[in-house]
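J.: The structure's right below; bear with me while I get my questions together.
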Amino acid sequence: MDESNNKLNPFEMALTNFDLAADLLGLDTETRNQIRLPERELTVNFPVKMRDGKFKTFTGYRVQHSTARGPAKGGIRYHPDVNLDEVRALASWMTYKCAVVGIPYGGAKGGVICNPKEMNEFELEHMTRRYATEISFIIGPTRDIPAPDVYTNAQTMAWIVDTYSMAKGEWVPGVVTGKPLSIGGSKGRNEATAMGCVFVIAEAAKQLQINLKGARVAIQGFGNAGAIAARLIHDMYDAKVIAVSDSRGAVYAENGFDPHRAIDHKMRTGSVVGLAGTETIPGDDVLTVECDILIPAALENVITPCVANKINTKIIAEAANGPTVPDADTILDQKGICVLPDVLANAGGVTVSYFEWVQNNSGLYWTEDEVNAKLKQIIVGAFEEVFLASKKYKVNMRRAAWSLAVGRVAEALKMRGIYP
Ligand code: NAD
């Protein structure tokens, strides 16, 4: 990562994309002002009794960017670098992501400044329960519905459901999504982000007349989004996975390799590095190998102008949130690369979270096939709308997606009689 990259403020990046969309739509100043900034920001400082009996004070946030289209929705992140601007940015991203796929939610995000790698299960549980209590008066199944994000998982959500339900004196599974199946999680949620990403890639490939059978795929990040995307694009479309990376390095094989073997190897050794039949390459090279489809599925801000200049692919599908810095977009456009933006390409996760919430609220649970069929319908529909908007406005897919989303939020405000 170059130095200029480190200075990027994620909320300013989100505002840049918002302003471009608002310009395209010709939005009036008051509507812009209403949508631009978060509706509500809560900071909480709270004590947690640690395993050694001492108390430690943690700082956490919950930002609700918009409730114009429905209750706020977004994950909770545990990380030492969590800060208010990052949470604001991620909250606004959720507003637009939900609007792109047309699910009836606004956007929110939460986080606690902590280092979960240095905390044991006992401390994580106590911190989670206290944080949930601190934010409990602004969350709820019709207010704001959290979900897992970086270093939080189904167990974290289970603790939140329990804490919230105890305080309410009733069972409230719809207060969070991403729960374990045994307490109201949805089938298909684990694969949903990757599944949505692969559906979007297949639609783009059709439009660009790229045959996915044998198409060369490179993936940065081999976790929930990246590893499952590798498996699905290989199994469902017979594409060739030629390079993957994780935090320890990258592997490459000219003729591709079986991603199932890579998943097994990573489970056994903790990394993809050393996979039989592959050569080890520098981690960052995974972004610039010659391929047909590149899937950044790890970190934000990795496609800088410098990297964009070296990228050699036809489609970039952003499984990660915010992998491309705004200046790099111009270069990718000039090179004729089709970028499927994060608000569309990774929206499968929140879409199946929405299904989980619908199932919790109705008490009727769906099969995995039903979940995947409904996901495909929503994601393919959203792709078509974004693609048409990109043709109509003669803009790239990112600007088209944001414009569609911002337009939908503005329309909701208008229908509610809040703005003209
Ligand atoms: P994860 O923790 O399961 O996996 C992250 C992967 O990235 C790991 O394999 C890790 O080793 C790798 N990684 C870390 N640093 C790296 C580096 N410098 N180079 C290469 N790889 C590196 O996380 P995830 O859930 O797969 O999330 C990945 C991205 O997808 C994030 O941006 C996340 O916000 C986004 N996303 C995830 C979901 C979801 O449902 N999981 C939904 C929407 C967006």
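The values are calculated or read from the model by the stated rules, or taken from the named source; none is laboratory data. Keep in mind that what you see is a predicted model, and the values were worked out from it rather than measured. Quick reminder, even Gly has a Cβ in these numbers, built from the backbone with ideal geometry, and neighbours come from all protein chains shown.
J.: Given (1) under 30 Å from Thr177 (Cβ atoms); (2) touching a residue at least 24 places away in the same chain (Cβ under 8 Å); (3) among the hydrophobic types (A, V, I, L, M, F, W, C), where does Met415 come up short, assuming only one miss?
T.: Checking Met415 against (1) under 30 Å from Thr177 (Cβ atoms); (2) touching a residue at least 24 places away in the same chain (Cβ under 8 Å); (3) among the hydrophobic types (A, V, I, L, M, F, W, C), the one that fails is (2).
J.: Still on this structure, I have one more. Quick test for you: out of Thr67, Thr95, Thr31, Thr16, pick the one residue that is at pLDDT below 95, within 15 Å of Ala410 (Cα to Cα) and either out of contact with any Leu (no Cβ under 6 Å at 6 or more places or on another chain) or not aromatic (Phe, Trp, Tyr) (or both). Talk me through it step by step, then tell me what you get.
T.: Details: Thr67 fails: at pLDDT below 95; Thr95 fails: at pLDDT below 95; Thr16 fails: within 15 Å of Ala410 (Cα to Cα).
Going through Thr67, Thr95, Thr31, Thr16 in turn, just one is at pLDDT below 95, within 15 Å of Ala410 (Cα to Cα) and either out of contact with any Leu (no Cβ under 6 Å at 6 or more places or on another chain) or not aromatic (Phe, Trp, Tyr) (or both): Thr31.
J.: What tally of residues in the range 248-277 results from selecting those that are more than 8 Å from the ligand (Cβ to nearest atom) and among the basic types (Lys, Arg)?
T.: Residues in the range 248-277 being more than 8 Å from the ligand (Cβ to nearest atom) and among the basic types (Lys, Arg): 2 in total.
J.: Kindly establish whether Tyr131 is more than 27 Å from Ile228 (Cβ to Cβ) and crowded, with 17+ Cβ neighbours inside 10 Å.
T.: Working: more than 27 Å from Ile228 (Cβ to Cβ): yes; crowded, with 17+ Cβ neighbours inside 10 Å: yes.
When the stated conditions are applied, Tyr131 passes them.
J.: Looking at (1) assigned to a strand (DSSP E or B); (2) over 19 Å from Gly407 (Cα atoms), which is the one condition that is false for Leu124?
T.: For Leu124, the failing item is (1).
J.: I'd like to know if the range 255-269 contains one or more residues that are surrounded by fewer than 17 Cβ atoms within 10 Å (Cβ to Cβ), more than 25 Å from Gly188 (Cα to Cα) and touching a residue at least 12 places away in the same chain (Cβ under 8 Å).
T.: yes
J.: Output the number of residues of the range 19-40 satisfying the condition of being under 16 Å from Trp93 (Cα atoms), surrounded by fewer than 18 Cβ atoms within 10 Å (Cβ to Cβ) and among the β-branched types (Val, Ile, Thr).
T.: So the count comes out to 0.
J.: Looking at Gln155, Gln207 in this structure, which one is more than 21 Å from Val272 (Cα to Cα), more than 16 Å from the ligand (Cβ to nearest atom) and touching a residue at least 24 places away in the same chain (Cβ under 8 Å)? Write out each step before concluding.
T.: Details: Gln155 fails: more than 16 Å from the ligand (Cβ to nearest atom).
So the residue among Gln155, Gln207 that is more than 21 Å from Val272 (Cα to Cα), more than 16 Å from the ligand (Cβ to nearest atom) and touching a residue at least 24 places away in the same chain (Cβ under 8 Å) is Gln207.
J.: Still on this structure: Within the range 42-90, which residues are of a type in the set (Ser, Thr, Tyr) and either over 27 Å from Leu299 (Cα atoms) or out of contact with any Pro (no Cβ under 7 Å at 6 or more places or on another chain) (or both)? Explain how you work it out, then say what you get.
T.: Narrowing the range 42-90 to residues of a type in the set (Ser, Thr, Tyr): 43, 57, 59, 61, 66-67, 78.
Result: Thr43, Thr57, Thr59, Tyr61, Ser66, Thr67.
Matching residues to (1) charged (D, E, K, R); (2) under 25 Å from Ala308 (Cβ atoms); (3) free of Cβ contacts under 8 Å to residues at least 12 places away in the same chain:
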position	(1), (2), (3)
Gly349	no, no, no
Ser353	no, no, no
Gly363	no, no, yes
Asn372	no, no, no
Ile379	no, no, no
Lys391	yes, yes, yes
Ala400	no, yes, no
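J.: For the range 168-203, which positions are more than 16 Å from the ligand (Cβ to nearest atom), among the aliphatic types (A, V, I, L, M) and either surrounded by 24 or more Cβ atoms within 10 Å (Cβ to Cβ) or in a loop (DSSP other than H, G, I, E, B) (or both)? Don't jump to the end; show me each part of the working.
T.: At the first step, the residues of the range 168-203 found to be more than 16 Å from the ligand (Cβ to nearest atom) are 168-175, 182-184, 202-203.
Subset that is among the aliphatic types (A, V, I, L, M): 172, 175, 183, 202.
Val172, Val175, listed by residue number.
J.: Condition first: surrounded by fewer than 23 Cβ atoms within 10 Å (Cβ to Cβ), in a loop (DSSP other than H, G, I, E, B) and either at pLDDT 95 or above or away from the ligand (no atom under 14 Å from the Cβ) (or both). Now tell me which residues in the range 224-247 satisfy that. If you could, list the steps in order and put the result at the bottom.
T.: The first filter runs over the range 224-247 and keeps only residues surrounded by fewer than 23 Cβ atoms within 10 Å (Cβ to Cβ), leaving 224, 231-232, 234-238, 240, 247.
Checking which are in a loop (DSSP other than H, G, I, E, B) leaves us with 238, 247.
Matches in the range 224-247: Asp238 only.
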